[in-house]
Every structure is written in C-alpha cells, then in structure tokens.
C-alpha cells in the first residue's frame, strides 16, 4: 500500500473515530485537543525565540527529511476538532517532508506532530539559555501528559506516528 492510500485511510479513520464519540466524550476530547494545540504553539514560540526560523531557513530543514513518519491520528483529530482541513501531503517529494513547501512547513505549529515541535537541533538548543531550556522541557512534559490524557479518553494510542506503526 502506498503512502497516499495509507494517508487517506487514516484521515477517514480519524474522522469516523471522532464522529462515533458521544457528545460528552467529544466535548472532553475537544478540551484535551485545545490544550494540546496551545502547548504546541507555546513550544513553537519557544524555539522561535531561540532563532529557529533563521537557523532552519539557512539549513534547509535537514531534520525534516523523512518527516512523513511523524503525523499521528491524534494530530488529524486536532484538525477535525478545529474544523480545519488537514494539509494535503505531497509524498512524491520523498525524502523531503510531504507536509513542507518552499516556505517551510505547511502545517501551522498547533497542528504539527509532537516530534516536529519537540525536536531542536544543536544549533537551536545552543541558543537557549538554561531558563529557556527548562521552559521548553516543561512544555514538552505537559504536551506528553496532555497526549496521554487524550489517548486515555479515546482508549487507544492515537499519538502513535501513523506511518511508523505498521499500518494497524
């Protein structure tokens, strides 16, 4: 099965999973997803403050190679909860990230995968002082905890990377 077919199935599965939730469960999940979106935005802003935009632009996004592997069902549920259509991936660009374009990532930060937001290369990390590193680590911890809370509500590991999980 090719990546596009897997992607289409996963998007449909995420949509169906969201639709099957009771109104109460959906409301609780939406609260978790809203928190996850805010935590992702906070992490992005922390790395931006360290100069990641300039560093990534000069580097060309080397860490984004093979980025297709990081999106999860939970990331797709964030789109659904926010009533936003997911980014259309371009898998033919392999090994470049299919969610990227000439200007960088096509996903707004709050919709990106956890891996894409918690990874900072050495160049970015070296520009953070100890306080910023602690803030970033606390944000990552809070994000992981929020993801676990959403997974407990859904009763499955929705935060697992879709294209790394054996397509089950």
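The values are calculated or read from the model by the stated rules, or taken from the named source; none is laboratory data. What you see is a predicted model; the values in this text were computed from it and never measured. Every residue, glycine as well, gets a Cβ built from its backbone with ideal geometry; the counts of neighbours run over all protein chains shown.
Before moving on, here are some points about what is shown:
- Residues of segment 21-44 classified as buried (at least 22 other Cβ atoms within 10 Å of the Cβ) and either in contact with a strand residue (DSSP E or B) (Cβ under 7 Å, 6 or more places away or on another chain) or closer than 14 Å to residue 81 by Cα (or both), total: 4
- Any hit, segment 53-74, residues being more than 29 Å from residue 138 (Cβ to Cβ), at pLDDT 80 or above and not in a helix (DSSP H, G or I): no
- For segment 1-20, a residue qualifies if it is farther than 17 Å from residue 87 by Cβ and surrounded by 14 or more Cβ atoms within 10 Å (Cβ to Cβ), and the qualifying residues are 17, 18.
- When segment 68-100 is filtered for residues that are over 14 Å from residue 14 (Cβ atoms), in contact (Cβ under 8 Å) with a residue 40 or more places away in the chain and under 12 Å from the mean Cα position of the chain (by Cα), the ones remaining, listed by number, are 68, 69, 70.
- Options 153, 123: the member that is more than 13 Å from residue 52 (Cα to Cα) and surrounded by fewer than 20 Cβ atoms within 10 Å (Cβ to Cβ): 153
- For segment 22-52, a residue qualifies if it is in a loop (DSSP other than H, G, I, E, B) and without any contact (Cβ under 8 Å) to a residue 60 or more places away in the chain, and exactly one does: 22.
- Of the helices (runs of 4 or more DSSP H) lying entirely inside segment 76-168, the ones with 3 or more residues being closer than 27 Å to residue 25 by Cα and out of contact with any strand residue (DSSP E or B) (no Cβ under 9 Å at 6 or more places or on another chain) are found at 130-154.
- Taking first residues from segment 105-119 that are in contact (Cβ under 8 Å) with a residue 60 or more places away in the chain and partners that are surrounded by fewer than 17 Cβ atoms within 10 Å (Cβ to Cβ) and in a loop (DSSP other than H, G, I, E, B), no Cβ contact under 7 Å between residues at least 6 apart in sequence or on separate chains turns up.
- Candidates are the residues of segment 75-96 that are modelled with pLDDT under 85 and touching a helix residue (DSSP H, G or I) at 6+ places or on another chain (Cβ under 8 Å); the one that is surrounded by the fewest Cβ atoms within 10 Å (Cβ to Cβ) is 94.
- Looking only at segment 54-64, and only at residues there that are under 18 Å from the mean Cα position of the chain (by Cα) and surrounded by 13 or more Cβ atoms within 10 Å (Cβ to Cβ), the one that is farthest from residue 92 (Cα to Cα): 56
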